[in-house]
Structure formats: structure tokens, C-alpha cells
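S.K.: Input: one structure, supplied below.
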Amino acid sequence: MSDETITLYKHMKDLPSNRLLGTGTPMCAGCGGLLAIHQAYDILGEKTVFVNAAGCMTLLAVYPYTPFRGSWLYTSMASAPAGAQGVRDALDIQLARGRIKPEEDLQVVVLTGDGAAYGMGMSSTSSAIEHGLDFIYLCYDNEGYANTGQQSSPATPHGARTSTSTGPQGFGGHKKDLFAIWAAHRPAYVATVIATEPVDLARKIEKAKGLKGSRLIIALSPCPTGWDFDPRETVEIGRLAVKTGMWPLKEYENGKVTHTRVPPKRAPVEEYLEKQGRFAHLFHPRRNEAMLAEIQARVDDYWAGVEADHG
Amino acid sequence: MTRTLITGNAAAAWGARLAGAEYVPAFPITPQTEIIETLAGWIDAGEMECRLVTLESEHSMITAAGAAASTGVRVFSATSSQGLLYGMEMVYAVPGYRAPFVLVNVSRGVQTPVTLEPDHNDVLAARDSGFLQLHCATCQEVLDSTLIAYRLAEDHRVRLPALVNLDGFYLSFTREPVEIPDRAAVEGFLPPYDPETTRFHAGEPVSQGVVVLGGAYYSYFRYEQHLAAQRALEVYDEVAAEFAQQFGRSYDAVETYRSEDAEIVFFMIGSFSTKAKDAVDRLREAGQAVGLVRPRLLRPYPAEALRRALDGKKGVAVIDQNLSMGMGGVLHGELAGALYGRAGMPSVLASFIGGLGGRDIAAEEFYEMAAVTRRACREGSTPPPRLLYTADELRQMRKLQAVAHAERMEGKQ
Ligand SMILES: Cc1ncc(C[n+]2csc(CCOP(=O)(O)OP(=O)(O)O)c2C)c(N)n1
Ligand code: SF4
Ligand SMILES: [Mg+2]
């Protein structure tokens with residue numbers, strides 16, 4: 001994000017203090033996904049309709065309560081973007097026919113986990129972008145099917161233990177690159193965020209909100225329950241995800257990818273991994289040097305590529 | 001009024017056009033595709049003010065339909081067979097939104113094996129979903145049922161989506177003379193879409209499709225949907241009466257043909273019932289008291305009207321163009337449930353499975369079904385279920401099997 005960008009959010013003190021999202025949701029203590037939604041909602045505001053897919057956040061709206069001041073539509077695990085398509089098209093039809101006033105219009109926001117965003121919902125997502133659908137996709141990425149007990153998903157990182165990858169090597173696959181998949185569709189905007197970098201998150205939501213077309217925000221969402229750490233560590237783990245370079249903060253716009261936070265001196269990935277029970281088998285009973293080196297090498301490779309690109 | 005020769009698919013498209021459908025989420029599948037192509041053609045030519053969006057699957061298509069209806073526009077969509085099954089998660093989900101729209105299904109047998117030709121296993125898979133179901137026998141009925149379906153689905157007492165069914169090929173691709181009403185007359189019958197309280201827009205937040213915690217809350221909402229579907233029975237009668245008054249065509253929830261004084265009746269849905277009518281005429285000429293009873297409305301199930309229609313009959317030949325594996329004909333089981341233990345109901349319900357994958361039902365087979373049912377009445381015992389299949393068809397099948405066997409053996413040498 002270039003410095004000339006006009007933004008309301010330059011410092012922590014600029015962030016909204018209004019707290020639009022209601023309290024009392026059944027999310028786990030220390031839920032990094034809820035934290036990101038909380039922050040995003042303050043900026044998106046109440047003129048929104050959240051179109052949700054099956055996952056932890058489906059339990060935000062439990063009859064007769066909702067933490068949202070605006071609207072909510074639960075669809076299915078696979079088809080939230082198609083729900084957004086139906087809502088957006090119907091709003092446009094009514095706007096064109098004067099049945100609703102421009103001030104009654106809504107920002108359509110798809111809210112899903114990684115299982116839906118990286119996997120089951122990929123077909124409907126691709127279709128929505130292909131239609132140039134005017135919507136924001138907010139993915140809280142907790143790197144597994146958390147709601148069903150943290151099984152491996154297409155977003156699970158290499159080596160992580162999940163409830164379906166319990167062996168000594170953890171998950172054998174590699175986290176899918178959703179950012180690149182979206183960018184390949186040439187949408188209006190794609191960004192990665194994390195709640196522990198609230199100013200960066202706010203600026204990206206602000207930017208997405210100001211654009212039209214298909215926009216994706218992927219929020220890495222430390223999940224105490226699924227990643228096996230104490231809820232009080234959520235913020236520290238989130239910070240380490242960025243400091244170690246495991247979670248690059250970046251955005252895509254007009255065919256160009258920009259990194260919004262380049263860690264000046266990256267901390268070793270171990271610092272991030274050792275804080276989480278899901279990687280404990282890489283350290284105990286003995287260190288799995290090969291796997292640790294492999295994970296470090298992937299991160300180093302990634303950043304070497306970034307530096308090469310930026311000259 | 002002039003009548004135009006059009007296909008069943010064109011009749012469905014005319015229904016959507018005359019109803020003033022504003023939004024059509026679409027996906028192609030034979031034998032339905034002509035419906036969405038026709039609508040797309042009208043939209044592109046500026047003859048219809050509507051937005052058609054091709055989604056990437058029927059699952060998405062039905063999601064978009066439910067979402068758009070929940071946002072406040074009149075929605076039309078169409079599918080068939082594998083498409084309906086592909087969207088089935090959402091077919092069961094969207095009725096709970098209580099946002100009505102009309103979905104046309106052009107019946108086609110489901111795989112495996114693969115076929116393009118019709119039977120009713122596809123639409124019957126949606127039987128318990130909460131969609132209302134109207135089943136058509138003629139192209140005129142397709143157009144008219146689409147209009148009736150909107151009125152019924154959108155009625156304040158109902159608020160459920162409706163499925164209008166026509167048979168692939170036999171109706172979808174068959175031209176029949178159809179009276180196409182003019183738009184002004186239809187507007188008198190079908191007022192503009194009223195989204196009631198379900199409408200996403202700023203200022204009045206709505207939450208749709210939410211979670212409930214506990215079986216008691218779940219039961220409440222599910223039963224409420226059931227009651228709404230049941231109310232659709234009386235609403236249907238009102239709507240059909242109004243339609244008849246305005247357009248001069250009557251569509252009772254249960255069609256009866258020469259059944260008043262009949263001893264034996266055929267019981268079936270769909271386009272093959274027109275063949276049954278011919279058979280009834282021939283049998284009447286031969287002095288046999290035979291008739292036809294055809295439910296147009298399958299959901300809600302018009303149990304009371306069926307009992308009235310069948311009161312005092314000796315036997316019913318139920319012809320199921322579907323097969324519930326390990327059980328038999330779906331219509332047969334349902335009808336038995338509606339009649340069992342009531343005074344005056346026919347004692348013989350003979351079950352016939354026919355017309356699977358578009359297999360024809362010949363006039364002689366109708367005569368035979370009538371004879372079998374009559375004999376059963378005389379002997380006082382219900383015959384075993386029977387598949388309509390001729391010795392010649394079996395010979396043809398055996399020939400193909402012999403070819404397949406020979407080919408395989410050749411490959412092994
Ligand atoms: C069609 C379908 N298959 C399976 C499920 C069961 N299910 C509910 S939530 C969920 C996990 C979703 O994962 P993700 O999108 O990452 O969200 P999270 O649970 O992590 O919040 C699954 C598999 C479902 N609801 N629907
Ligand atoms: S399981 Fe994880 S993502 Fe789900 S509510 Fe708990 S902390 Fe949040
Ligand atoms: Mg997840």
C-alpha cells in the first residue's frame with residue numbers, strides 16, 4: 001500500500017472504537033477468526049448482508065439472536081458466492097426499477113472459512129468472479145475444518161497435526177495458494193490480513209469497501225481449539241505468523257501484487273510453530289530437523305521471490 | 001382466442017415471461033435447455049425485461065434463486081434430472097427461506113445407466129423438500145400451471161417455492177396448440193411480486209436460514225412449513241377457480257376422467273395420462289366401466305380429493321413411472337396410505353411400474369392393467385406388483401447382452 005493512499009487509518013488510535021458486532025457469540029475464547037470479523041465489521045458497517053457458508057461462524061446467527069446490525073443469509077458450505085450473486089442481482093434489479101432507493105442498497109459480503117473458500121466453494125467462487133460480481137469475500141482461514149473438529153482442509157499447512165493427520169509427519173499436503181488462484185481471475189482486489197495487524201487490516205477493508213467488483217480478504221485466523229494453544233496466545237501467534245514470514249501481508253490490484261508489511265529481519269519459523277500443539281510433534285520427543293528445515297526453506301524461497309520481484 | 005403450436009418447453013418459457021419473472025438463474029441440461037434459451041432470446045431481443053445469469057451449477061443456481069427471492073424479486077428457474085439432483089442440498093434448503101419462486105423440472109430418468117428420456121424419479125427425489133409440486137399432462141397445462149404456481153407459492157398463507165413438472169420429450173419437445181394469454185390478462189390474475197417481510201435492504205435487517213439449537217425449535221419451524229404446504233390445498237382450489245373464471249380452463253387438484261361411474265380406474269401423473277384417456281375411451285366403447293384419476297397437485301398431497309374421487313371404486317391400477325429400489329412405486333405407496341382404513345375405499349390397489357426411461361406404455365398394456373385389476377377385484381386378492389415389459393423387449397435385451405458378451409470374449413483372446 002503506497003503512502004500516498006488516502007486512508008482514515010494510519011495509526012491504532014485512528015481505528016473505529018464503535019464496536020458494531022454484538023457480544024455473546026458462542027465462538028471459543030481467543031478465536032482469531034472472530035477478532036478479524038469484529039474489526040472488519042466496524043469498517044464495513046451495518047449496510048451489509050453477510051452471506052455465510054457452513055463453518056464455525058454459522059453459529060453467529062442462532063435464532064433469535066444475531067450479533068449483526070445488518071442482514072444475514074446462511075446458504076450451504078459450497079454456494080455462498082452464488083447466494084451473493086442472487087442477492088446482488090436482486091438488489092440491482094430493484095434499484096434499476098426504483099423499488100429500492102440507492103441509500104437502501106447493501107454491500108454483499110460472503111463470509112466463509114477456508115474449507116469453503118479453498119475447497120468446496122471454489123466452483124461457485126470462480127463463477128462469481130467470472131461474472132464480475134460486485135461483492136466482498138471475507139475468508140477466515142483457520143487452516144482446517146474447524147467446526148467439525150479440525151480435520152485437514154485444502155488450507156492446512158504442511159506438517160500440521162489435524163484430527164485426520166495424526167501421524168508423525170502431520171499433514172502431508174501443502175497449503176493451497178488461494179491468493180494466487182483469485183489473482184489469476186483478475187478480480188478487483190485480493191488481500192491477506194490478520195487481526196493482530198489491525199491497522200493493515202483496517203486499511204485493506206477500507207480499500208476493498210471503496211472498490212467495485214469481486215474482492216477477497218483472507219484473514220489468517222489463529223484458532224486455539226484447532227491449533228492447540230492457550231487462548232491468551234492468539235495475539236502473539238498472529239504476530240509471529242507475520243514476523244516469521246509464514247503469513248505474508250499483501251494485496252493484489254490492477255494486475256500487481258504488493259507486500260504491505262515486509263518483515264525487516266524474519267524470525268525463524270520455529271518461533272511460530274513451537275507455540276502450537278499442532279506442531280508439537282516437530283519438536284518432541286525429538287526435533288524433526290528435516291521437516292523444520294523444509295518449512296523454513298519454503299518461507300525463505302517465497303521471500304526470495306518477493307525480493308527478486310521488487311528488485 | 002388463437003392457439004399457437006409450441007413445445008412444452010416453450011410453454012414453460014411463456015409461463016415465466018407472462019408471469020413477469022425478473023430474474024432467471026440458469027444452467028443447461030437436456031431436455032430443459034430450450035426453456036432458458038428461449039428466455040435468453042427474448043431478453044436479448046428486448047422483448048422481456050429480465051436478467052438471466054448462467055451459474056456454474058444447479059447447486060449454485062438454486063442458491064441464487066432462493067437468495068434473489070429473499071431479496072425481493074420474482075424468480076424463475078428450470079432444470080432436469082441430474083441437475084435437480086445436483087442441486088438437491090439447496091432444493092431442501094430454500095423452502096425454509098419462505099421466499100417463493102417457481103422452478104420447472106423437465107423430467108428425465110436419473111443415472112445409472114444414463115438416459116435422456118423421461119421418468120419421475122428425478123422430481124420425486126424432491127418430494128419431501130418443501131417445494132410444492134404441480135404435474136402437467138399437456139403443453140397448455142405447462143403454461144397455465146406456471147402461472148398458477150406463482151399465485152399459489154406467493155400466497156400469504158403459503159410462501160413456499162413451487163415446482164412445475166413436465167415430461168422430457170413427450171412434452172418438452174412435442175408441439176401442441178397452446179392458447180397464449182395476453183400479458184394484461186395475466187397481470188389481472190397475478191399481481192406483482194410482494195416480498196412481504198423477507199427482503200434484504202438497508203434499514204430493516206433480516207436474518208435468513210439461521211441455526212436453531214434444539215429439536216423443539218427445529219420441529220416448530222419444520223412443522224410450520226408442513227402446515228403452510230397443507231394450506232396450499234385450499235389456496236390451490238381458490239386460485240384454480242379464479243384461473244378458470246378468467247381464462248376458461250379448469251385445473252382441479254385432481255383430474256378425473258370418466259371416473260364418476262367407473263368400477264376400475266387408472267391412477268397416474270404426467271403426460272402418459274393422455275394415453276390412459278385414449279385407453280379409457282376404447283374400454284368404454286367395449287362396455288367396460290373404466291376411468292382415470294390423475295393428481296395434478298402432488299405436494300401438497302390432495303388426499304381428501306383423492307378419497308372423494310375413489311370412493312366406491314372397486315379397484316385402482318396405479319401406474320408408477322418411477323421406481324423406489326427395494327420398495328416399488330412411490331405413488332402406489334402414497335395412495336395406499338391415503339386410503340387405508342377408510343370406509344368405501346377400493347379394496348384392490350394394483351401396482352404397475354411402467355414408462356421408465358421413456359419406455360412407452362401401449363394401449364394394449366392399459367387394457368391388460370384394467371383386466372388384471374378387474375380380475376383381482378373379482379377374486380378379492382391384490383396382485384403382485386408388475387413391471388410393464390414385453391417378451392419382445394426382453395428378447396431385444398438378451399440380444400444386446402449376447403453382443404456384449406461376445407465382444408468381451410473376443411477382447412480376451
Ligand atoms: C455439504 C456439506 N458437507 C459437510 C458439511 C459439514 N461441515 C460443516 S462446517 C464444516 C467445515 C467447514 O470448514 P471451513 O470452511 O474451514 O470453516 P470452519 O469450520 O473452519 O469455520 C463441514 C465440513 C456441511 N455442512 N455441508
Ligand atoms: S474452533 Fe477455532 S475458528 Fe472455530 S470458533 Fe473456535 S477458535 Fe474460532
Ligand atoms: Mg476452517
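Each value in this text was obtained by applying a stated rule to the coordinates, not by laboratory testing. These numbers were taken from a predicted model, which means no experiment stands behind them. For neighbour counting, all protein chains shown are included, and Cβ atoms are generated from backbone atoms with ideal geometry for every residue, glycine included.
S.K.: For segment A:108-185, build the charge dipole from Cβ charges (+1 Lys, Arg; -1 Asp, Glu) around the Cα centre, then report which of A:T166, A:V108, A:N147 sits farthest towards its positive end.
M.R.: Most positive-ward Cα: A:T166.
S.K.: Would you mind checking segment B:79-116 for residues with the amide N under 11 Å from a putative spin-label position 7 Å along Cα→C-beta of B:F173?
M.R.: Counting backbone N atoms under 11 Å from the label point, the list is B:116.
S.K.: Using only alpha-carbon positions, what ratio does the radius of gyration of segment B:29-107 give when scaled by 2.2 N^0.38 Å? Numbers along the way, then the final one.
M.R.: Working: Rg = 12.3 Å, N = 79, 2.2 N^0.38 = 11.6 Å.
Working it through for segment B:29-107, the quotient is 1.07.
S.K.: Tell me, what is the percent relative contact order of chain A, built from C-alpha pairs under 8 Å that lie six or more residues apart? Can you show the working numbers first?
M.R.: Details: 585 pairs, mean separation 53.3, N = 311.
Relative contact order, chain A: 17 percent.
S.K.: Moving on. On a 24 Å Cα-Cα criterion, which of the cross-link pairs A:K47/A:K176; A:K13/A:K265; A:K13/A:K204; A:K13/A:K207 come out too long?
M.R.: Details: A:K47/A:K176 32 Å; A:K13/A:K265 26 Å; A:K13/A:K204 17 Å; A:K13/A:K207 19 Å.
Checking Cα-Cα distances, A:K47/A:K176; A:K13/A:K265 exceed 24 Å.
S.K.: If you place +1 on the Cβ of every Lys and Arg, -1 on the Cβ of every Asp and Glu, and leave all else neutral, what size is the dipole of the protein assembly as shown about its Cα centre, to the nearest 20 Debye?
M.R.: Details: 71 positive and 85 negative charges, 212 e Å.
Taking the Cα centre of the protein assembly as shown as origin, the dipole is about 1020 debye.
S.K.: Ok, one more. Using the Cα centre as the reference, give the magnitude of the dipole from point charges on the C-beta atoms of segment A:12-310 (Lys, Arg: +1; Asp, Glu: -1; all else neutral), rounded to the nearest 20 debye.
M.R.: 320 debye
S.K.: Also: Rounded, prolate or oblate for segment A:113-255? Axes are the square roots of the Cα gyration tensor eigenvalues, ordered a ≥ b ≥ c, and the cut-off for rounded is a/c under 1.5. Could you put the intermediate results ahead of the total?
M.R.: Working: a/c = 2.19, a/b = 1.42, b/c = 1.54.
Oblate is the answer for segment A:113-255, as a/c is 1.5 or above yet b/c matches or exceeds a/b.
S.K.: Under 1.5 on a/c is rounded, so check that first for the protein assembly as shown, then, if it is not, pick prolate when a/b is larger than b/c and oblate when it is not; a ≥ b ≥ c are the square roots of the alpha carbon gyration tensor eigenvalues.
M.R.: On the way: a/c = 2.45, a/b = 1.88, b/c = 1.30.
Since a/c reaches 1.5 and a/b is larger than b/c, the shape of the protein assembly as shown is classed as prolate.
S.K.: Using the number of other C-beta atoms within 10 angstrom as an exposure proxy, rank A:K243, A:K47 with the fewest first. Could you put the intermediate results ahead of the total?
M.R.: On the way: A:K243 20, A:K47 17.
Exposure proxy ranking, most exposed first: A:K47, A:K243.
S.K.: Return one number: the angle in degrees, 0 to 90 and rounded to the nearest 10, between the long axis of the Cα atoms of helix A:289-309 and the longest principal axis of the Cα atoms of chain A.
M.R.: So the helix axis and the longest Cα principal axis differ by about 50 degrees.
S.K.: Also, I was wondering about something else. Add -39500 (n - 2.57) for each DSSP H run of 4 or more in chain A, then divide by its residues: what number comes out at 222 nm, to the nearest 500 deg cm²/dmol? Present the calculation step by step, with values, prior to reporting the outcome.
M.R.: Values: 9 runs with 99 residues, N = 311.
Helices in chain A give a 222 nm mean residue ellipticity of -9500 deg cm²/dmol.
S.K.: To make sure I understand, if each residue's beta carbon is the centre and we count other beta carbons within 10 Å, what order do B:S324, B:S172 fall in, fewest to most? It would help to have the intermediate numbers written out before the result.
M.R.: Numbers: B:S324 14, B:S172 29.
Going from sparsest to densest Cβ surroundings: B:S324, B:S172.
S.K.: Tilt of helix A:198-210 relative to the longest C-alpha principal axis of chain A, in degrees (0 to 90, nearest 10)?
M.R.: 40 degrees
S.K.: Dipole size in debye (nearest 20) for segment B:254-393 around its Cα centre, Lys and Arg Cβ +1, Asp and Glu Cβ -1? Don't skip to the end; give the middle numbers.
M.R.: Numbers: 18 positive and 18 negative charges, 85 e Å.
The dipole of segment B:254-393 has a size of about 400 debye.
S.K.: Next question, about the same structure. Enter the mean number of other protein chain beta carbons within 10 Å of the beta carbon of each residue in A:55-65, as an integer. Intermediate results must be reported in sequence, preceding the final value.
M.R.: On the way: counts 0, 0, 0, 3, 3, 3, 5, 6, 10, 4, 2.
Average neighbour count from other chains, rounded to a whole number: 3.
S.K.: Then there's this: Can you give me the Rg/Rh ratio for segment A:1-130, using Cα atoms for both radii and the Kirkwood formula for Rh? Spell out each step's value before the answer.
M.R.: Values: Rg = 16.1 Å, Rh = 16.3 Å.
A ratio of 0.99.
S.K.: Additional query: So who's got an amide H within less than 5 Å of the one on B:Q208, skipping anything under 5 residues away but keeping other chains? H placed 1.01 Å off N, in plane.
M.R.: Here A:W72, A:L73, A:Y74 satisfy the definition.
S.K.: Points 7 angstrom from Cα along the Cβ direction at A:K13 and A:S163: gap in nanometres?
M.R.: It is 4.6 nm.
S.K.: So, in nm, how far is label B:R408 from label A:A280 when the simple model puts each one 7 Å beyond its Cα toward the Cβ?
M.R.: With each label point 7 Å from Cα toward Cβ, the separation is 5.4 nm.
S.K.: Next question. Which is farthest toward the positive dipole end of the protein assembly as shown among B:P300, A:Y74, B:P25, measuring Cα position about the Cα centre, with Cβ charges +1 (Lys, Arg) and -1 (Asp, Glu)?
M.R.: Among B:P300, A:Y74, B:P25, the one farthest towards the positive end of the dipole of the protein assembly as shown is A:Y74.
S.K.: Quick one: in segment B:254-393, what % of C-alpha pairs are over 23 Å apart?
M.R.: Values: 2476 of 9730 pairs.
In whole percent, the share of Cα-Cα pairs in segment B:254-393 beyond 23 Å is 25.
S.K.: To continue, here is another question. Which percent of Cα pairs goes in each bin when the distances of chain B are cut into 10 angstrom slices starting at zero?
M.R.: 5, 22, 31, 24, 13, 5, 1, 0
S.K.: Provide the descending list of Cα extents for segment B:266-341 along its principal axes, expressed in whole angstroms.
M.R.: Result for segment B:266-341: principal-axis Cα extents of 36, 26, 22 Å.
S.K.: Order these peptides, B:158-170, A:163-175, by their mean beta-carbon neighbour count within 10 angstrom, highest first.
M.R.: Details: B:158-170: 26.5, A:163-175: 14.7.
Going by the mean number of other Cβ atoms within 10 Å, highest first, we get B:158-170, A:163-175.
S.K.: Let me ask something else about it. Can you give the percent of C-alpha pairs in segment B:118-246 whose distance is more than 18 Å?
M.R.: On the way: 5308 of 8256 pairs.
Summing the P(r) of segment B:118-246 above 18 Å gives 64 percent of all pairs.
S.K.: Could you tell me what percent of the DSSP beta bridges with both partners in segment B:254-393 are antiparallel, to the nearest 5?
M.R.: Among the beta bridges of segment B:254-393, antiparallel pairing accounts for roughly 25 percent.
S.K.: Taking the highest mean first, how do the peptides B:57-70, B:381-394 order by number of other beta carbon atoms within 10 angstrom per residue?
M.R.: Values: B:57-70: 29.8, B:381-394: 12.6.
Those peptides, ordered most packed to least, come out B:57-70, B:381-394.
S.K.: Here's a follow-up. Rg to Rh for chain A: what is it, with Cα atoms only and Rh by Kirkwood?
M.R.: Numbers: Rg = 19.1 Å, Rh = 19.9 Å.
When Rh is taken as the Kirkwood radius, the ratio is 0.96.
S.K.: Let me ask something else. Peptide A:91-104: average number of partner chain Cβ atoms within 10 Å per residue?
M.R.: Details: counts 8, 4, 10, 8, 1, 3, 3, 0, 8, 7, 3, 1, 3, 6.
Mean shielding count: 5.
S.K.: What is the mean number of Cβ atoms from other protein chains located within 10 Å of the Cβ atom of each residue in peptide B:44-54, rounded to a whole number? Provide the component values of the computation, followed by the final result.
M.R.: Values: counts 0, 0, 0, 0, 0, 3, 1, 5, 1, 8, 3.
If you average over the peptide's residues, the count of other-chain Cβ atoms is 2.
S.K.: Ignoring solvent entirely, what values of log10 I(q)/I(0) come out of the Debye formula for segment B:2-247 at 0.08, 0.11 Å⁻¹ when each Cα is a single scatterer?
M.R.: With no solvent term, the Cα-only Debye profile gives -0.28, -0.53.
S.K.: Label segment A:55-96 by shape, choosing from rounded, prolate and oblate, from the square roots a ≥ b ≥ c of the eigenvalues of the Cα gyration tensor; if a/c is under 1.5 it is rounded, and otherwise prolate applies when a/b is larger than b/c, oblate when it is not.
M.R.: Here segment A:55-96 falls in the oblate category.
S.K.: At what distance in angstrom do the alpha carbon centres of segment A:229-296 and segment B:317-333 lie from each other?
M.R.: The distance from the Cα centre of segment A:229-296 to that of segment B:317-333 comes to 60 Å.
S.K.: Over chain B, what is the percentage of antiparallel beta bridges among all DSSP beta bridges, to the nearest 5? Before the final figure, lay out each step's value.
M.R.: Working: 11 of 46 bridges.
The antiparallel fraction comes to roughly 25 percent.
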